[in-house]
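Here's the structure, in structure tokens; my notes come after.
The values are calculated or read from the model by the stated rules, or taken from the named source; none is laboratory data. All of these numbers come straight from a predicted model, not from anything done at the bench. Virtual Cβ from ideal backbone geometry, glycine too; neighbours counted across all protein chains shown. For the accessible areas, the whole protein counts, side chains as well, though only heavy atoms, and no ligand, DNA or RNA atoms are used. Shrake-Rupley method; radii C 1.70, N 1.55, O 1.52, S 1.80 Å.
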Amino acid sequence: MTKPKKPAPRILTVKDAFYLTPHMIRVVFQGPELASVYAGCAGANCKIFVPEIGQTRADFEACFVDGPAPVKRTYTVRSFDPDTLEMVIDFVAHGDEGPASAWAMRAETGSFLGFAGPSEVKIKEFYADWYLVAADMSALPVAGAALEAMPRDAKGVAIFEVQSAEDAQDLDVPAGIDVHWLVQANPHKPSTAQEEFMRNMVWPEGVVQTCVAGESGVIKAIRGYFTKERELPRDDVYISGYWKIGLIEDEHQLVKRQEAAAV
Ligand SMILES: Cc1cc2nc3c(=O)[nH]c(=O)nc-3n(C[C@H](O)[C@H](O)[C@H](O)COP(=O)(O)OP(=O)(O)OC[C@H]3O[C@@H](n4cnc5c(N)ncnc54)[C@H](O)[C@@H]3O)c2cc1C
């Protein structure tokens, strides 16, 4: 039986784009193409298809029919308002070597890209005695959305690793969550700061649910700590490598698939 063809990505139009903090660009998309997106998808991931710099909308749309396939990347829906049909995606501005980052750095009203998804949200139920959230800048959107979705009486710890003190964001965090901002100016330098923080903090009693994501090397070390030393049940843990130093996303996804197959 032939596999059903995936629907063509929607082409989204930028309503506004601006630097939220020195290394984070907030892009607001708006339009009727977003009418079928489900409410409550903040924190879910999506695929974006990135136009080449200077490419016309018509030429970009033609790529989905005639090729070559546009560059595809994974991002997070930071927020979605079904009434105004506005969707926000936050992009780390990490320079021109990444097509998605380069696109975001040039995005302005009227810019466009392809969009597929969103998938399901990462944490569907909040049932823990306490929560452990940790993120670098690439995972700030999923962490921010999780913190916003939590019960308002949630307790726990949130650890963020950002490139400068000015990259700290104003997040809607339950009062019982202790928030810590760590600064690591060079994201390409392997960091143990989040893991060390977790190892040194008081680990509360009871069931913990986690929302942890970021650079793959950092995540690998923390995953080992969670599974081998803390023996956290798989179902309580969301932990995921979002990018890897020195690899473009396609290469990183391949490594992830190979590692998953080897388990
Ligand atoms: C489920 C999921 C959700 C994600 N959500 C978001 C999100 O909402 N916002 C977001 O910004 N990112 C998010 N990411 C990460 C994003 O997919 C990667 O950062 C991706 O590599 C960016 O594509 P690019 O074209 O800019 O760079 P690529 O072409 O993939 O990479 C080019 C170079 O840039 C480096 N690089 C990639 N990402 C970063 C970074 N964050 N900081 C410094 N250097 C980097 C690579 O190591 C490589 O050397 C998510 C990833 C996953 C798996």
Completion exercise
Probe 1.4 Å, heavy atoms of protein chains only: per residue, the accessible area of segment 127-238 in Å² is 47
Practice task
Provide the per-residue ³J(HN,Hα) series for segment 235-246, in order, calculated from phi with Karplus coefficients 6.51, -1.76, 1.60 and θ = phi - 60°, each as a whole number of Hz, with x at glycine and proline positions.
Solution key: 5, 8, 10, 9, 9, 8, x, 9, 6, 9, 3, x
Exercise for the section: Return the calculated 222 nm mean residue ellipticity for the chain, to the nearest 500 deg cm²/dmol, obtained by summing -39500 (n - 2.57) across DSSP H runs with n ≥ 4 and dividing by the residue count. Expected result: -6500 deg cm²/dmol
Fill in the blank from the handout: One quarter of the C-alpha convex hull surface, i.e. the mean projected area of segment 215-263 in nm², amounts to 3.5
Practice task
Determine, for each peptide in 66-76, 145-155, the mean count of other beta carbons within 10 angstrom over its residues, then list the peptides with the highest first.
Solution key: 145-155, 66-76
Exercise for the section: Could you tell me which of Ile177, Leu132, Pro151 has its Cα farthest along the dipole of segment 130-262 towards the positive end, charges placed at Cβ (Lys, Arg +1; Asp, Glu -1), taken about the Cα centre? Expected result: Leu132
Completion exercise
Excluding ligands, DNA and RNA, the carbon-plus-sulfur percentage of the accessible area of the chain with a 1.4 Å probe reads 54
Completion exercise
Surrounding charge for Leu247, neighbours by C-beta under 14 angstrom, Lys/Arg +1, Asp/Glu -1, total -1
Completion exercise
Longest principal axis of the chain (C-alpha) makes with the long axis of helix 57-66 (C-alpha) an angle, in degrees to the nearest 10, of 90
Exercise for the section: Report, largest value first, the span of the C-alpha coordinates of segment 10-116 along each principal axis, in whole Å. Expected result: 34, 32, 22
Completion exercise
Rounded to two decimals, the Rg over Rh value of the chain from Cα coordinates and the Kirkwood Rh reads 0.96
Fill in the blank from the handout: Burial-style ranking of 191-204, 131-144, average other-beta-carbon count within 10 Å with highest first, yields 131-144, 191-204
Exercise for the section: Let me know the charge dipole size of segment 1-119 about its Cα centre in debye, to the nearest 20, where only the beta-carbon of Lys, Arg (+1) and Asp, Glu (-1) is charged. Expected result: 440
Practice task
Quick one: dipole size for the chain, taken about the Cα centre, charges +1 on Lys/Arg Cβ and -1 on Asp/Glu Cβ, in debye to the nearest 20.
Solution key: 800
Problem - Residue-normalised accessible area of segment 1-122, given per residue in Å² at a 1.4 Å probe - result: 52
Practice task
Assuming 0.692 mPa s and 37 °C, estimate D for segment 130-262 with Stokes-Einstein, Rh taken as the Kirkwood radius over Cα pairs, in µm²/s.
Solution key: 215
Problem - Environment charge of Ile177, counting only residues whose C-beta is closer than 15 Å and scoring Lys/Arg +1, Asp/Glu -1 - result: -4
Completion exercise
Counting Lys and Arg as +1 and Asp and Glu as -1 over every other residue whose Cβ sits under 14 Å from the Cβ of Asp90, the net charge comes to -3
Handout entry: Burial order of peptide ranges 166-179, 43-56 (average beta-carbon count within 10 Å, highest first)
Key = 43-56, 166-179
Fill in the blank from the handout: Semi-axes a, b, c in Å (a largest) for segment 155-224, each sqrt of 5 times a Cα gyration tensor eigenvalue, come to 20, 17, 10
